[in-house]
Amino acid sequence: MEHAAEMTSGKIFDIRRFSTHDGHGIRTNIFLKGCPLACRWCQNPEGIAFQTHLVYFRNKCIRCGLCARNSLYGASAFENRTRIKLGRDQIEDCEACIDVCPAGALSLDCQVMTINEVVTEVMKDRRFFKYNGGVTLSGGEPLFQHEFALQLLMDLKQAGLHTAIESSLQTSPAILEQAAGMLDLIYADFKIFDTELHKRHTGVSNARIKENLKWLLTGNTQAEVIVRTPLIPEYTAFDDNIRSISSFISAIRPDVKYELLNYNPLAQAKYYHVEQKFCFDRNPRMYSDEEMTHFHTIALDAGITNLIK
């Protein structure tokens, strides 16, 4: 497979600096492309597919049609002189379309970077890591590009940096064990407890996720582990799901750290740019403090003693 062959370079779709929500202190987040899950509500839809795609910013487009006229393989087409239609799998001439766009309305959804290039970028922010800050790998699923991610973590640790990861745990136990040895903090997503519902809404079973989570919570890893559930209306944010997840993880480790993430409605705009359909026709709002307290109470009643709020 393509992603298995790339050991010194990887596909990065974002480097986000000065983050304070994905680990301790001030952090630099590295977002790696590719994910084995296809969650219907994904907050980073541009990071699901490993393939490189065009991104179209309609608000910038002046509808000149230059991209379509320079597209040899159908990466861009001009429909009825009103809109650009992307052929997202036709990467062969994407760069040609981007180069001729006078308004900057087209871009690739990632860049290929070597490990040295990523480390160089990270080290520019080192002065901000003084108070427990560091680097967080996110995605997509960072361990989808596991050769790249593991080597990057090794180099970051050798540079003396605090390392964290946000992972779905949908990876092999061997890869997870290697990664855990180079991590100071692991955010483990546990979205849906019921196996059939998990498969329906993410495309995969959660059997491996449960297996890896048990290992993390009972193993010898020195990394801090925080289990998180994103609260997605209609998909994850219902009482039985929170209760089942809380009971499951607290039975494995009574002092497990657990965090419920409020719904983020801002993801909808990303689907517009990548020309994918959002899972909601009408975007829900964030949960109120009262509603969040309700979910917190369910988790506490189900055995969670170390709830992160």
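Of a type in the set (S, T, Y) and free of Cβ contacts under 8 Å to residues at least 40 places away in the same chain: which single residue out of S172, S138 fits that description? First the steps, then the outcome.
Values: S138 fails: free of Cβ contacts under 8 Å to residues at least 40 places away in the same chain.
Exactly one residue qualifies, and that residue is S172.
Those residues that are part of a loop (DSSP other than H, G, I, E, B), over 30 Å from V122 (Cβ atoms) and in contact with a Phe, Trp or Tyr (Cβ under 8 Å, 6 or more places away or on another chain), I need them from segment 36-88; list them, please.
Listed by number, the residues that qualify are R40, R58, R63, G65, G87.
Taking V122 as the residue in question, decide whether it is over 17 Å from G47 (Cα atoms), assigned to a strand (DSSP E or B) and of a type outside the set (S, T, N, Q). Walk me through how you get there before you give the answer.
Numbers: over 17 Å from G47 (Cα atoms): yes; assigned to a strand (DSSP E or B): no; of a type outside the set (S, T, N, Q): yes.
No; evaluated as a whole, the condition is false for this residue.
With respect to V274, is the statement that it is open to solvent by less than 40 Å² (accessible area, probe 1.4 Å), in contact with a Lys or Arg (Cβ under 9 Å, 6 or more places away or on another chain) and of a type in the set (A, V, I, L, M, F, W, C) true?
Working: open to solvent by less than 40 Å² (accessible area, probe 1.4 Å): yes; in contact with a Lys or Arg (Cβ under 9 Å, 6 or more places away or on another chain): yes; of a type in the set (A, V, I, L, M, F, W, C): yes.
So V274 fits the description; yes.
When L108 is evaluated against the numbered criteria (1) touching a Cys at 6+ places or on another chain (Cβ under 9 Å); (2) open to solvent by less than 20 Å² (accessible area, probe 1.4 Å), which criterion, by number, is the only one it fails?
For L108, the failing item is (2).
Please go through segment 260-295 and pick out each residue that is hydrophobic (A, V, I, L, M, F, W, C), part of a helix (DSSP H, G or I) and farther than 15 Å from P230 by Cβ.
A269
Looking at segment 23-35, which of the residues that are assigned to a loop (DSSP other than H, G, I, E, B) and under 11 Å from the mean Cα position of the chain (by Cα) is nearest to V118 (Cα to Cα)?
Top of the filtered list is K33.
The values are calculated or read from the model by the stated rules, or taken from the named source; none is laboratory data. Quantities reported herein were computed from a predicted structural model and do not represent experimental measurements. Cβ: placed from backbone, ideal geometry, glycine included. Neighbour counts: every protein chain shown. These area figures cover heavy atoms from the full protein model, side chains too; ligands, DNA and RNA do not enter into them. Shrake-Rupley method; radii C 1.70, N 1.55, O 1.52, S 1.80 Å.
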